[in-house]
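The values are calculated or read from the model by the stated rules, or taken from the named source; none is laboratory data. Because the structure is a prediction, the values reported are computed rather than measured. Please note: Cβ atoms are built from the backbone with ideal geometry, for glycine as well, and neighbour counts cover all protein chains shown.
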Amino acid sequence: MAATAPSSLLLSPLILLLLLMLLLFPAASIRPAKVQGESRLGAGLFPPTCGRIECPTYEVVDQGKGYEIRRYNSTAWTSTAAIEDISLVEATRTAFLQLFDYIQGKNEYGEKIEMTAPVITEVAPSDGPICASSFVVSFYVPKKNQANPPPAAGLRLRRWATRYVAVRQFGGFVSDGGVGEEAATLYESLAGSEWAAAADPAAAYIVAQYNSPFEFTGRVNEIWIFLVEGIKFTIQ
């Protein structure tokens, strides 16, 4: 008779979901004190997570004080519908539940998909501090799935054409109070550069999250600003 593993050693989808939620969106109560100097990375560090799981590839075409310019070639992302909320952290957590179901096989092909990084949240800022912003959360589709990504109800496939992105890196844990400041700092860094005219401060920006909450030092998050005027995600 074949031996079976003890039930305590088997990871159910619920347990796996909880682990992934902890990896990406830790509660404030478990956050350690920020390491001095960690929050101001600026640019130029290759995200360590991308040495462990698949990330979209890019080429650095320029670098300045506090920013770098990357060129991303064609990639595919699975995205949620826009979520209206006053909290980026809560909106991202809500949307990730949908994306988790998707990669666990709740799609039209019944296919499980490998986890990738980063999870990105597109932020369309509100007009005031107590007004809801709009958030779209996206999962990078692995290369092996990009030719024919599984469709799923409530999600949509968005493909990038080649595009240029201004990037600022920052450490610590992403918080609602910090991302706007990081985005503003990126716009300030671009001022006076050849890229400044292509960066619209009123446009949406992206928050890219890479790390596990158990990585207390050396954390890398990013703000992305699309620079080529008029280029948007194209919906398949």
> How many of the residues making up region 135-169 are among the hydroxyl-bearing types (S, T, Y) and in a loop (DSSP other than H, G, I, E, B)?
Replying inline: 1
>> When you scan region 71-80, do you find a residue that is under 30 Å from A147 (Cβ atoms), among the hydroxyl-bearing types (S, T, Y), at pLDDT 95 or above and out of contact with any strand residue (DSSP E or B) (no Cβ under 7 Å at 6 or more places or on another chain), even just one?
In response: no
>> As an exercise: evaluate E194 against (1) surrounded by fewer than 13 Cβ atoms within 10 Å (Cβ to Cβ); (2) not in a loop (DSSP other than H, G, I, E, B) and give the number of the one condition it does not meet.
In response: (2)
>> Cβ contacts < 8 Å: first residue crowded, with 17+ Cβ neighbours inside 10 Å, restricted to region 166-184; second residue among the small types (G, A, S) and modelled with pLDDT of 90 or more, any location; separation 6+ or different chain. Result?
In response: A166/A199; R168/G66; R168/A183; R168/S189; F170/G178; G172/G178
> Are any residues in region 170-191 outside any helix (DSSP H, G or I) and touching a strand residue (DSSP E or B) at 6+ places or on another chain (Cβ under 6 Å), and if so, which ones?
Replying inline: F170, V174
>> Let me confirm something: among S189, S175, S212, S193, which residue is polar (S, T, N, Q), modelled with pLDDT of 90 or more and touching a helix residue (DSSP H, G or I) at 6+ places or on another chain (Cβ under 9 Å)?
In response: S175
> Which residue, of P47, P56, P6, P26, is surrounded by 17 or more Cβ atoms within 10 Å (Cβ to Cβ), at pLDDT below 95, out of contact with any Asp or Glu (no Cβ under 9 Å at 6 or more places or on another chain) and within 30 Å of G105 (Cα to Cα)?
Replying inline: P26
